[in-house]
Structure formats: C-alpha cells, structure tokens
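J.: Mind having a look at this structure? Questions to follow.
The values are calculated or read from the model by the stated rules, or taken from the named source; none is laboratory data. These numbers come from a predicted model, not from an experiment. Please note: Cβ atoms are built from the backbone with ideal geometry, for glycine as well, and neighbour counts cover all protein chains shown. Ligands, DNA and RNA are stripped out before the accessible areas are found, and what is left, the full protein with its side chains, is counted by its heavy atoms. Shrake-Rupley method; radii C 1.70, N 1.55, O 1.52, S 1.80 Å.
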Amino acid sequence: MAAPATPNHFGLPWSQFNDGLSYHDVVRPSDSGLTLIEFYSTKYKSSAPLQGWLQRINSEQIIVDGSVVTDPNTLLRVGSKLVYNRLPWKEPDAPYMIEVLYEDGDIIALNKPSGLQVLPGGLFQQRTVLTQLQWQANKQDTFEADQRSHPVPVHRLGRGTSGILLCAKSKLAKACLASYFADGTSQVGGKSDSSKEPRKIAKIYRALVSGIVDNDKVAINQPIGVVKYPGVAKGLYVASQSGKPALSVVNVLERHTQRNSTLVQVQIQSGRPHQIRIHLSFIGHPLLGDPLYAVGGQPKCLDCDSVDESFAEDGGYQRPSKPVPGDCGYHLHAHQLALTHPITNEVIEIIAPLPSILQTAKEAEEIGITKQTTA
C-alpha cells in the first residue's frame, strides 16, 4: 500500500545558543586516589586535552558532592558524585523545517533535509531531528503529551544525507522496527535462515558518484571496520577486511560523460555507518563532493594519528582541521522505503521526493511537465 499523501511540515527556529550539558559521574573503587585533573584528563581524554580540563576546573565548571571545586589536585573518594557543566555554545547552522511523508498512530516517516543531524552528538546537541520531534510533541495539549512519548528515530542518516527517516511513536513499534533493521544486517553476516520470512524492510537510495561506473549493476560485499581518526572519539568507519559484513547493490541510472559522474541507485542489505559512502569509494567511485572518503574506502588524509592538542574557548579540542563524517557536500538521498507495518502487518511504501541534482533526465522532464499542467 502506498503511503497516503501528508503534505505537512513542522519545525521551530533554533535559539542562538543551546542549553549546555551536564555530565554526571560516580567515583568507582578503581578511581580511588586519583586527583580531579587525573580523573577527567584520563577518562575523558577525547573531550579535551590536559590544559583544557585545567581551564574547565578553574572556570568553576566541576562540582564534587554538591560543591564547586577549583583545585585540580583535589583527591577523589569512592562514591563521590561529580558533575561537569559544559557551558552553552552556538552550534553550527542547520535547517529546522522537516517534511512529514507518512504518519499514523505508531510510526512517522520524515523527509530529513541535508545538513540536519538525527541524534545529539559532537557540536550538535540541540540542532537535531530528535529535538524538533520533542518540541513538536510539547506543542500538544498536556493530557495528550502525558499519554504518549514523543517519536524517536529508529535508525540514522548521515548529517549530509537527505530523505526518509523512520521514527517510532510507541515502545512496541520501536522494538519491532529495530528488529527489522537488525534482521537485515544479521542476514548479511551469514546468520540467515532460509526458512525465515522475507525481509520486512527495504531501503533504496539515490546517489551521484564521481567517475563513470562501467557495469550496469554492481554488488559490493566489503566488510566495514573502525580505525583511529582525529576528531572522531570512537574511531572512523572504513573499508576493512577485519570489519563486519556489509552488502550494497548498485544500479546505474545515468552516465554523465561530460561531467565525469554517474547517477546510481543503491539498495543496502545491511546498515553499517556510512556504508554507501564507503562502498562506492571502495570500488573507485566516491560520492561527488564527499570531503572525507577517497578511492578504496579510506579517509583522504594520510596522517590520521596526529591530534591537535590546542584547545578551544570552552577547553575542548579545536574543531578538527581534517574532514569528519558529519561534513556535508555529497549528494545522497534515502529515496524509497518499503516495510511491513509493525502493528497492522500492511506493506507500506514511502517515497521522498528527489532533489533536482539526483533526478534522471526523464524524471526531471516529467516533473517539469507536471508543474506546467498544474500551474
């Protein structure tokens, strides 16, 4: 069943500064005897260098057992409660209006704009899809808001990726949808059972890649793993033989010889982070404009072990000089999604309109004709 038309948008403008953050810790026996500066500079090395943590302590941003502490050499006791108050900051620009593609009592599908992060992380703690969903829920009357929690995304799209983002409006729907995504990935990992039902969710993306892809159809079965990378605390996902299984199927839609680019459709059988960007660069065709991934599915920088020890105004590391996964510039759109409804078992098909740069010549012509006839 095709999703019914729901020409609906929502979104509130971002405030100039976010509300800051508070990070809570309890001193464990293994941390007994550490000083305050030793605790933070070793346990949270990825957040700030040593001098940055000293600045935060001197700026009265650390509370120990309810009292502000400014002596970095204060000895910590087992069971002490620590709070680090991160000061409010101005987040990078991000769009805030979001289109609703489909909605019922259990799920909502959004058309996420490029440049908007899905969940809080890094510099983006307020300017996210999740925040807009929370704000939208708070606009409802108090009784309705109390009866139902706000929708939450059940998967991620890269900040620079646009298109369909599926969210759950109930705990049951969230659990079912999460299992759909997990089942697809586990089948790629060789754990599939031939007696099992067909996959309950399928996603098709549209992308513009550099170079001319020779074969009309390419199956990319390349594991994806993690390497150390400056500015990415948990490491960067790259093509790696020691990584986890991942499968993408690429179909060529148009070859643009004069522009040395190819318009492709990609169906992913698994859901590894940045999978399409990594897989297409692995076969020699990075997404056009991708600032991070180069041919081979590796980062463009060669000295990925170097770390800038200078710190920003709030004590944290300076923004990485090298590209990071959240940087935009590429053209990737989650175009189509088909799923078995988690409650009704109906098959729902959802389509997110294509950006003009990702339309075939025929699609662009048909859209132009449609606009003329409706004008």
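J.: Among the residues that make up region 308-315, is at least one of them crowded, with 21+ Cβ neighbours inside 10 Å, modelled with pLDDT under 85, in a loop (DSSP other than H, G, I, E, B) and not basic (Lys, Arg)?
T.: Yes - at least one qualifying residue is present in region 308-315.
J.: Just to be sure before I move on: is Thr257 buried (at least 21 other Cβ atoms within 10 Å of the Cβ) and either farther than 14 Å from Thr161 by Cβ or not assigned by the TED database to the domain that holds Ile201 (or both) in the structure I sent?
T.: Answer is no for this residue.
J.: Ok, one more. Of everything in region 91-116, what is assigned to a loop (DSSP other than H, G, I, E, B), of a type in the set (A, V, I, L, M, F, W, C) and in contact with a helix residue (DSSP H, G or I) (Cβ under 7 Å, 6 or more places away or on another chain)? Give them in sequence order.
T.: Initially, region 91-116 is screened for residues assigned to a loop (DSSP other than H, G, I, E, B), giving 91-97, 104-106, 113-116.
This time we only want the ones that are of a type in the set (A, V, I, L, M, F, W, C), so: 94, 97, 116.
Result: Leu116, single match.
J.: Related question: Return the residues of region 68-90 that are open to solvent by 70 Å² or more (accessible area, probe 1.4 Å), of a type in the set (A, V, I, L, M), closer than 26 Å to Asp19 by Cβ and assigned to a strand (DSSP E or B); say none if nothing qualifies.
T.: Within region 68-90, Val68 is the sole residue that qualifies.
J.: Pull up region 230-254, narrow it to residues that are farther than 17 Å from Ala334 by Cβ and of a type in the set (Gly, Ala, Ser), then point me to the one that is surrounded by the fewest Cβ atoms within 10 Å (Cβ to Cβ).
T.: Ser242
J.: Hey, any hits in region 6-15 for a residue that's farther than 30 Å from Glu103 by Cβ and surrounded by fewer than 16 Cβ atoms within 10 Å (Cβ to Cβ)?
T.: No, the conditions are met nowhere in region 6-15.
J.: Would it be correct to say that Ser22 is of a type in the set (Gly, Ala, Ser), more than 27 Å from Gln126 (Cα to Cα) and exposed (fewer than 12 other Cβ atoms within 10 Å of the Cβ)?
T.: Details: of a type in the set (Gly, Ala, Ser): yes; more than 27 Å from Gln126 (Cα to Cα): no; exposed (fewer than 12 other Cβ atoms within 10 Å of the Cβ): yes.
Considered against the rule, which asks whether it is of a type in the set (Gly, Ala, Ser), more than 27 Å from Gln126 (Cα to Cα) and exposed (fewer than 12 other Cβ atoms within 10 Å of the Cβ), Ser22 comes out as no.
J.: Which residue is most open to solvent (accessible area, probe 1.4 Å), if the candidates are limited to region 94-140 and must be in contact (Cβ under 8 Å) with a residue 12 or more places away in the chain and among the hydroxyl-bearing types (Ser, Thr, Tyr)?
T.: Ranking the candidates gives Tyr96 first.
Residue-by-condition table, conditions (1) touching a strand residue (DSSP E or B) at 6+ places or on another chain (Cβ under 8 Å); (2) modelled with pLDDT of 90 or more:
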{"site": "Leu36", "(1), (2)": "yes, yes"}
{"site": "Lys45", "(1), (2)": "no, no"}
{"site": "Arg77", "(1), (2)": "no, yes"}
{"site": "Lys90", "(1), (2)": "no, yes"}
{"site": "Asp104", "(1), (2)": "no, yes"}
{"site": "Lys112", "(1), (2)": "yes, yes"}
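Conditions tested, residue by residue: (1) open to solvent by 20 Å² or more (accessible area, probe 1.4 Å); (2) assigned to a strand (DSSP E or B).
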| site | (1), (2) |
| --- | --- |
| Ala219 | yes, yes |
| Lys228 | yes, yes |
| Ser270 | no, no |
| Ile276 | no, no |
| Gly284 | yes, no |
| Gly289 | yes, no |
| Gly296 | yes, no |
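J.: Residue under question is Val252, and the condition is that it be within 18 Å of Leu358 (Cβ to Cβ) and in contact (Cβ under 8 Å) with a residue 12 or more places away in the chain; does it hold?
T.: Working: within 18 Å of Leu358 (Cβ to Cβ): yes; in contact (Cβ under 8 Å) with a residue 12 or more places away in the chain: yes.
Yes; evaluated as a whole, the condition is true for this residue.
J.: Moving on to the next point. So how many residues does region 200-239 have that are more than 19 Å from the chain's Cα centre (by Cα) and without any contact (Cβ under 8 Å) to a residue 24 or more places away in the chain?
T.: 2
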